[in-house]
Amino acid sequence: MGDDETYDGLTLEENMPFHRREWSGQRVGWVGMALFLLAGVVGLLGPGPMSHRMTGRPGDAVRVDYFRFDRFHRDGTFRIEINAKPSDDGTVRVWVDRDYVEALEIRSISPEPVRQVAREDRIVYEFATAALKLPLTVTFSVSAEEFGGLRGTVGLVDGPEVAFEQLVFP
């Protein structure tokens, strides 16, 4: 089977083909662990540089700043940037897709909306803009309550909308 070697009176049998296969397996494992760590560092397994996304372009009426990859029950945020003229009553109304909102636990909204209205397919948030300057950035502090693919849509009432997707890992 292999060569016999003697070390300090012990006779050991070596099986070099087995050792070479074992060494190759170790190298594959090392490379796999290094790739997994690298994926985590760059954000492919949660928040990081490869995960951060912003919909639209600067100056668009509505944009969403979010993480493409997230973790189940991790405290996080997504931001809505509103760059639209307020209505005659000095408010801006933005809506978020109801299915997306129901997949999250919303812990806080800053600035706080003056009013929230639940509709069949969306939640409308109304913000007073008299004391705020445009663009208005609304920050939602959230935690994902579902894992898998999430689709969200955000828009201005009677205005443009943007869609985005997230992948929530368990």
Answer yes or no as to whether ALA144 is modelled with pLDDT of 90 or more and within 28 Å of GLY40 (Cα to Cα). yes
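Condition check ((1) at pLDDT 90 or above; (2) outside the structural domain of GLU112 (by TED's automatic domain parsing); (3) over 14 Å from the mean Cα position of the chain (by Cα)) across all residues:
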| site | (1), (2), (3) |
| --- | --- |
| GLY9 | no, yes, yes |
| LEU12 | no, yes, yes |
| GLN26 | yes, yes, yes |
| VAL31 | no, yes, yes |
| PRO58 | no, no, yes |
| ASP70 | no, no, no |
| ILE80 | yes, no, yes |
| ALA84 | no, no, yes |
| ASP89 | no, no, yes |
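Of the residues VAL114, VAL124, VAL94, VAL101, which is in the same structural domain as VAL62 (by TED's automatic domain parsing), of a type in the set (Val, Ile, Thr) and touching a residue at least 40 places away in the same chain (Cβ under 8 Å)?
When all the criteria are applied, what remains is VAL94.
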Matching option when the condition is assigned by TED's automatic domain parsing to the domain that holds PHE67 and modelled with pLDDT under 90, among LEU136, LEU150: LEU136
Having 1 or more residues that are buried (at least 17 other Cβ atoms within 10 Å of the Cβ) is the bar; report the strands (runs of 3 or more DSSP E) wholly within region 48-126 that clear it. 62-67, 69-71, 75-82, 91-97, 104-110
Assess whether GLU161 counts as being over 29 Å from VAL42 (Cβ atoms), free of Cβ contacts under 8 Å to residues at least 12 places away in the same chain and out of contact with any Asp or Glu (no Cβ under 7 Å at 6 or more places or on another chain). no
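The values are calculated or read from the model by the stated rules, or taken from the named source; none is laboratory data. What you see is a predicted model; the values in this text were computed from it and never measured. Note that we place each Cβ from the backbone using ideal geometry, even for glycine, and neighbour counts take in every protein chain shown.
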